[in-house]
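*Asks:* Submitted below is the structure of interest, expressed as structure tokens.
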Amino acid sequence: MSGTNWPKATHRFFYTDPGQGESVFFDSEEERDNAMADAISAYCDEGWSEEVDQIFAGVVSHTVEKCDVQTKPAPCAEHPDHDYGDNDCEACIAWDEFPNHEFDEVCNYKAVPFESAA
Ligand SMILES: [Zn+2]
């Protein structure tokens, strides 16, 4: 079986089996359908387990990607205390505008359609 545990642009067809706590992703609908049929069959031992009807399937449309990445600017060498007053010191302004100096990098995340994902 060529399923993966994570969606890729080439593996968008999935089924989810909450009873097993997993989703499996495939590169074709046919492969997914076959694997899903196997997963369904696995719930029949001596009668059907109730968990069988929790299985569902679909096609991934979006994933989440990092965006708006900002790297922490170097502190201004001329104004180490950032007391630049009324000067338009670009290095100080860049330092001030960085949202949180505890981090070397800040960013956001957003949903992106899978077609354009790398
Ligand atoms: Zn400065």
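The values are calculated or read from the model by the stated rules, or taken from the named source; none is laboratory data. Nothing here was measured: the structure is a model prediction, and the numbers come from that model. We place every Cβ from the backbone using ideal geometry, glycine too, and count neighbours over all the protein chains shown. What goes into the accessible areas is simple: the full protein's heavy atoms, side chains included, and nothing from ligands, DNA or RNA. Shrake-Rupley method; radii C 1.70, N 1.55, O 1.52, S 1.80 Å.
*Asks:* Please find, within the range 13-41, the residue that is nearest to residue 114 (Cα to Cα) out of those that are open to solvent by 40 Å² or more (accessible area, probe 1.4 Å) and at pLDDT below 95.
*Replies:* Filtering first and then ranking leaves 27.
*Asks:* Would you mind finding the one in 39, 9 that is touching a residue at least 40 places away in the same chain (Cβ under 8 Å) and either within 25 Å of the chain's Cα centre (by Cα) or at negative phi (or both)?
*Replies:* Result: 9 is the single residue among 39, 9 that is touching a residue at least 40 places away in the same chain (Cβ under 8 Å) and either within 25 Å of the chain's Cα centre (by Cα) or at negative phi (or both).
*Asks:* Something else about it: How many residues are open to solvent by 70 Å² or more (accessible area, probe 1.4 Å) and in contact with an Asp or Glu (Cβ under 8 Å, 6 or more places away or on another chain) if we restrict to the range 1-12?
*Replies:* The number of residues fulfilling the criteria is 3.
*Asks:* Could you grab me the full set of residues in the range 42-87 that are open to solvent by 60 Å² or more (accessible area, probe 1.4 Å), within 30 Å of residue 3 (Cβ to Cβ) and in contact with a strand residue (DSSP E or B) (Cβ under 9 Å, 6 or more places away or on another chain)?
*Replies:* 42, 51, 54, 56, 59, 61, 62, 64, 65, 66
*Asks:* Scanning the range 42-93 for residues that are among the small types (Gly, Ala, Ser) and more than 30 Å from residue 113 (Cα to Cα), which turns out nearest to the ligand (Cβ to nearest atom)?
*Replies:* Only one residue fits best here, namely 91.
*Asks:* Okay, moving on. Please pick out the residue among 104, 96 that is of a type outside the set (Lys, Arg), open to solvent by 100 Å² or more (accessible area, probe 1.4 Å) and out of contact with any helix residue (DSSP H, G or I) (no Cβ under 7 Å at 6 or more places or on another chain).
*Replies:* 104
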